[in-house]
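Read-outs throughout are calculated quantities, based only on the coordinates presented, and are distinct from any laboratory measurement. Owing to the predicted nature of the structure, the values given are computational and were not obtained by experimental measurement. FYI the Cβ positions are ideal-geometry reconstructions off the backbone, even for glycines, and counts take in every protein chain you see.
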Amino acid sequence: NAEHLFKAGVPVVKDHEIASNGNKRTLWVNAKVDENPQVMRDVKEKFLRYYTVTLNNYEVTGHYLPNPYVIEVDATE
């Protein structure tokens, strides 16, 4: 097992620990839409049926978004 692993000349693993995830960007879309009650009801139903998390704790914020790049979309009427 390698104690050190380099990617593009940057150490990413050092002494079996992650040293860096690189300088990748996190792309996300901030979509503004008119709320549709039927769509929200369907989404909530799918979360209850298929996910181990609820819709309320699905949102990803803060330190989980390194180097964020936001794409703004306004689809409201």
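Values for this structure:
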{"read-out": "Distance cut-off 20 Å, percentage of C-alpha pairs in the chain lying past it", "value": "60"}
{"read-out": "Farthest positive-ward along the chain dipole, Cα basis, beta-carbon charges - from Pro37, Ile18, Tyr51", "value": "Ile18"}
{"read-out": "Anchor Lys32: aspartates and glutamates whose Cα lies under 17 Å away (excluding residues fewer than 8 positions away in-chain)", "value": "Glu59, Glu72, Asp74, Glu77"}
{"read-out": "Cβ-derived FRET efficiency at R0 30 Å, Ile18 paired with Arg49, nearest 0.05", "value": "0.30"}
{"read-out": "Principal-axis tilt of helix 37-50 within the chain, Cα atoms, nearest 10 degrees", "value": "50"}
